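The values are calculated or read from the model by the stated rules, or taken from the named source; none is laboratory data. What you see is a predicted model; the values in this text were computed from it and never measured. Because the Cβ atoms are built from the backbone with ideal geometry, glycine has one as well, and the counts that use them run over all protein chains shown.
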Amino acid sequence: MEIKIEKITLKKGSERFVLDYLKEDEEDFREIEERVEEILSRVRREGDRAIYYYLKKFDKIDKLPPYPLKASEEEMDDAYKKVERDVIASLEIMIDRVREFHKHQIKETWSVFNEEGSIYGTIIRPLKRVGIYVPGGRAAYPSTVVMGVVPALLAGVKEIAITTPPSNDFSVSPYVLVASKLLGIKEIYKMGGVYAIGALAYGTETITPVDKIVGPGNVYVTIAKKLVWGNVDIDSLAGPSEVVVIGEEGIDPEGIALDLMSQAEHDPYARSIFITPSKVLIEKVKKAIGNMIDAQPRKEIILSSLLNRGMFIEVEDI
């Protein structure tokens, strides 16, 4: 397959072109922000009724509400029958390693008396309740469960709620359920996207609001986190994914192609840019992408991202 990714030749003094090109995102994001605001507002007003509405609209859940939004203990137990033993073992190793890393970041309360009898210091208290957004759709992200839950547990957070998008049959990834159960988390809600962020931030009749929301998502989730910040704390605005690869002749074009596709598969709004002084290398990378694209499970998303937001930039030198 021939991949027609936009290519420009950048000469010294023409850097403004790239900056103007990237600013085109702002118009797209303003339109998205308006749609996100509408969804958040409805969740805030209507609570569970809005959640059921958006589950049907966006996730094609054809059930008669009200029905439980939280995964049951039975579903959590059944997940163990569906996940390979070596995957469970790998998750257990990952949990240990992530815990070992983050335990060195734990902060402790401290205080000092000075000669005049004054006391000063810092009191460290954990947040009471944290929400973790775990992306879903065509891929499963048990690693996001581990990377979100382990630091919260080490910090002393008592209540942790996970939310993840369901499949059309209203099931959620068994890998996400197993990772949650390994960490002792029982509160997993089957909802995703903007309305899930709204439920965590504002609460509903059945979902208690959280103090902080963490976890990655697509551009809609990222903008939703931005808009609820202030009502709740957030970790960061992590998305859409971006990557810039810089290379010259002699570098493996397949490696570059994989780097670009590994980011493009996250989101149609992801941006993958390759900068090189070599026309020949650009053609080799394009050919490598074309040779590998059909084997990618998220082919359509990769193509959408690369064709609409990818770029090859030929420069005079690096």
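Some notes on this structure:
- Scanning segment 150-163 for residues that are closer than 18 Å to residue 191 by Cβ and not hydroxyl-bearing (Ser, Thr, Tyr), we see that the one that is surrounded by the most Cβ atoms within 10 Å (Cβ to Cβ) is 162.
- Taken across segment 94-104, residues that are modelled with pLDDT of 95 or more, over 25 Å from the mean Cα position of the chain (by Cα), more than 30 Å from residue 51 (Cα to Cα) and among the basic types (Lys, Arg) do not occur at all.
- Of all residues in segment 236-267 being among the acidic types (Asp, Glu) and not in a helix (DSSP H, G or I), the one that is farthest from the chain's Cα centre (by Cα): 249
- Yes/no for residue 233 being of a type in the set (Asp, Glu) and either under 21 Å from residue 267 (Cβ atoms) or in a strand (DSSP E or B) (or both): yes
- Pair list, Cβ under 8 Å, 6 or more apart: segment 220-236 residue touching a residue at least 60 places away in the same chain (Cβ under 8 Å), other residue among the basic types (Lys, Arg) and assigned to a helix (DSSP H, G or I): 220/35
- Scanning segment 189-221 for residues that are closer than 23 Å to residue 49 by Cα and either assigned by TED's automatic domain parsing to the domain that holds residue 311 or assigned to a helix (DSSP H, G or I) (or both) turns up 193, 194, 195, 196, 197, 198, 199, 200, 201, 202, 220, 221.
- Between 142, 165, 174, 151, the distinction of being of a type outside the set (Val, Ile, Thr) and within 27 Å of residue 123 (Cα to Cα) belongs to 151 only.
- Of the residues making up segment 170-200, just one is among the hydroxyl-bearing types (Ser, Thr, Tyr) and more than 24 Å from residue 239 (Cβ to Cβ), namely 171.
- Screening residue 58 with (1) under 24 Å from the mean Cα position of the chain (by Cα); (2) under 16 Å from residue 181 (Cα atoms) gives one miss only, at (2).
- Unmet requirement for residue 130, which otherwise passes all of (1) crowded, with 17+ Cβ neighbours inside 10 Å; (2) more than 22 Å from residue 219 (Cα to Cα): (2)
- Here the condition is being over 14 Å from residue 3 (Cβ atoms), surrounded by fewer than 17 Cβ atoms within 10 Å (Cβ to Cβ) and of a type in the set (A, V, I, L, M, F, W, C); of 251, 273, it holds for 251 alone.
- Scanning segment 282-303 for residues that are surrounded by fewer than 16 Cβ atoms within 10 Å (Cβ to Cβ) and more than 27 Å from the chain's Cα centre (by Cα) yields a count of 2.
- Filter result (crowded, with 24+ Cβ neighbours inside 10 Å and part of a helix (DSSP H, G or I)) within segment 179-188: 179, 180
- The residues on offer are 46, 100, 92, and the sole one that is without any contact (Cβ under 8 Å) to a residue 24 or more places away in the chain and farther than 22 Å from residue 200 by Cβ is 100.
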